[in-house]
Amino acid sequence: MSDRVFYLTTPIYYVNAEPHLGHAYTTIVADAMARWHRLAGDRVWFLTGTDEHGDNIAQTAARAGVSPQAYADRISAAFRETWRRLGITNDDYIRTTEDRHKKVVQKILQTLWEAGEIYLGTYGGQYCFGCERFYTEKEIVDGKCPDHLSPLTYIEEENYFFKMSKYQAWLIDEIQRRPDLIRPERYRNEILGFLRDPLQDLSISRPRTRLEWGIPLPFDDKYVTYVWFDALINYVSALGGPGDPRYETFWPHVEHLIGKDILKPHAVYWPCMLKAAGLPLYRHLNVHGYWRIGGGKMSKSVGNVVEALALADKYGNDAFRYFIMREMVFGLDADFSEEALVARLNADLANDLGNLASRASTLIVNFAGGVVPAGAASPEDRAVGAAFERAVRDAGAAMDELAFHRALAAIWEFVAVVNRDRAGAVPARCGGEDPRGAWAYR
Ligand code: MSP
């Protein structure tokens, strides 16, 4: 056991859509990281869960003719079941409708209220119900929401505001002082660019006349908490909040893993919220890119969502996991296609790894009585040993840099070394007539 501690979180997923490839990617990457740290003997806590409040969910539930809670129960259970089937080893599963979460959110709100960090003000602006946020003139595209491309609604209302603007200089300083706080660098630069403009205060409430489905503000129950303010706190509430031994153990080591779509709330709102509440900032914000399909955006509104489970079931969990970890360069976008998946599985798994396993077991059975031989190492054995050590070293370094594709490539270099015959040539085809042998994917 090392004395290192590793607390890793995924975003908590909205319960207005069934789990898909995008959610599965983040959760599988988190799972690989958690397993890697457990292997190293670290004390690991791995959290995922669901984000269940807000306009979006209230509206989706209303359309389905059920209560928001019933709707949230169903989809949250679907996420949980998906993670079980994908072999995800999370230690906890937080739902924002749980009491343990609501309590911590209200406690933090009350603390901020008493500290004068929150005030009542009026705000008018262009609002997108899909995104559950106001858009500034600069962000609006052709009068429409830049994300949903749907018309915005002008709304004016009294709301509570968090004094986020006063933390702007502190935040810039923090990001500059800790170059890998937000990584990879492209996302750090994006946030520093965004912070060149003045930071606004953050509206953190919604009047109950408009939205009932949320956590009531502890100091004014005519309002519920803005969904992002509620959701971000899950990372703390799942540990029981400040004062809880689990919080004290894990919070100082927290690593967040998110997709690039939710960079701003995590890189701007959340650090300011933590600072105002007197809680330490996360160690790293690890940001990955987007899976695209046919070069286009993958989203439920576009309708080309890949059913992650279906492909994992069709090709097997490990094969599916191998593909998405190997194919995407962490931080960049990647294209998903079933053809690419099959091509990789055939080349890397069936041919390279499958044949290695097949040949090695045949040799062991035929020439060593079914037992892995021990004893004097030949020069070939030593070369294989050295290649193995290199693979472990390179894969480890790549894992630490979140370069999962390189970690796998390093392991496959080892596979290639072992597949080479004594003369150093890679057999063109090692599995008999059909290169895919018993591991055919198609
Ligand atoms: N509920 C918020 C997050 C709150 S965290 C305090 C949310 N939920 S979501 O259901 O929309 O999930 C967004 C996340 O799903 C992304 O950040 C990413 O992790 C994952 N992905 C969704 N679509 C994706 C792709 N097309 N590609 C890769 N990952 C994507 O936002």
If I stretch the segment between Leu279 and Asp3 completely, what's the gain in nm (0.36 nm per residue apart, minus their alpha carbon distance), one decimal?
97.1 nm
For the range 112-122, Karplus couplings with θ = phi - 60° (6.51, -1.76, 1.60), whole Hz, Gly/Pro x
5, 4, 5, 7, x, 8, 10, 9, 8, x, 10
Under-19-angstrom lysine pairs by C-alpha in the chain, whenever the two are 8 or more apart or on separate chains:
15
Over all directions, the chain yields a Cα convex hull whose mean projected area in nm² is 24.6 nm²
Enumerate the calculated ³J(HN,Hα) couplings along the range 177-182 in order (Karplus 6.51 cos²θ - 1.76 cosθ + 1.60, θ = phi - 60°), each rounded to whole Hz, writing x wherever the residue is Gly or Pro.
6, 10, x, 9, 4, 10
The range 378-398-the range 217-247 distance, computed between alpha-carbon centres (Å)
48 Å
Mind checking the full-extension length gain between Ile172 and Glu190? Use 0.36 nm per residue of separation minus the Cα-Cα distance, one decimal, nm.
5.3 nm
Tell me, what is the per residue accessible area of the chain in Å², probe radius 1.4 Å?
46 Å²
I'm checking a number: the convex hull volume of the Cα atoms of the range 73-218, normalised per residue, in Å³. What is it?
189 Å³
If you count, for each residue, the other Cβ atoms within 10 Å and average over each peptide, how do 382-392, 34-44, 342-352 line up from highest to lowest?
342-352, 34-44, 382-392
Highest mean first, what order results for 264-276, 212-224 on Cβ atoms within 10 Å?
264-276, 212-224
Under 5 Å, built H, 5+ apart or other chain: amide partners of His284
His256
For Tyr223, distant residues with modelled amide H under 5 Å away
Arg208, Leu217
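Taking all protein chains as present, what is the carbon and sulfur share of the accessible area of the chain, in % to the nearest whole number, probe 1.4 Å?
53 percent
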In deg cm²/dmol and to the nearest 500, what is the mean residue ellipticity at 222 nm of the chain if only DSSP H runs of at least 4 residues count, each as -39500 (n - 2.57), divided by the residue total?
-13000 deg cm²/dmol
In whole Hz and in residue order, list the ³J(HN,Hα) couplings for the range 66-76 that follow from phi through the Karplus curve 6.51 cos²θ - 1.76 cosθ + 1.60, θ = phi - 60°; x for Gly and Pro.
10, 6, x, 5, 5, 5, 4, 4, 5, 6, 4
Non-local residues with an amide H under 5 Å from the amide H of Asp92, with H modelled 1.01 Å from N and Pro and chain starts lacking one, are Phe46, Thr48
Glu413 and Glu98 label points (each 7 Å along its Cα→Cβ direction) are spaced in nm at 4.2 nm
With a 10 Å radius around each residue's Cβ, average the other Cβ atoms per peptide and rank 183-189, 203-209, highest first.
203-209, 183-189
Could you check the spin-label model distance between Asp244 and Glu81? Points 7 Å from the Cα along Cα→Cβ, value in nm.
2.7 nm
Which value in nm describes the separation of the simple spin-label points at Val365 and Val392, placed 7 Å from the Cα toward the beta carbon?
2.9 nm
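The values are calculated or read from the model by the stated rules, or taken from the named source; none is laboratory data. Remember, predicted model here, so these are calculated numbers, not experimental data. All Cβ positions, even for glycine, are placed from backbone atoms using ideal geometry, and neighbour counts span all protein chains on display. Accessible surface is based on the protein model in full, side chains and every heavy atom, while ligands, DNA and RNA are left aside. Shrake-Rupley method; radii C 1.70, N 1.55, O 1.52, S 1.80 Å.
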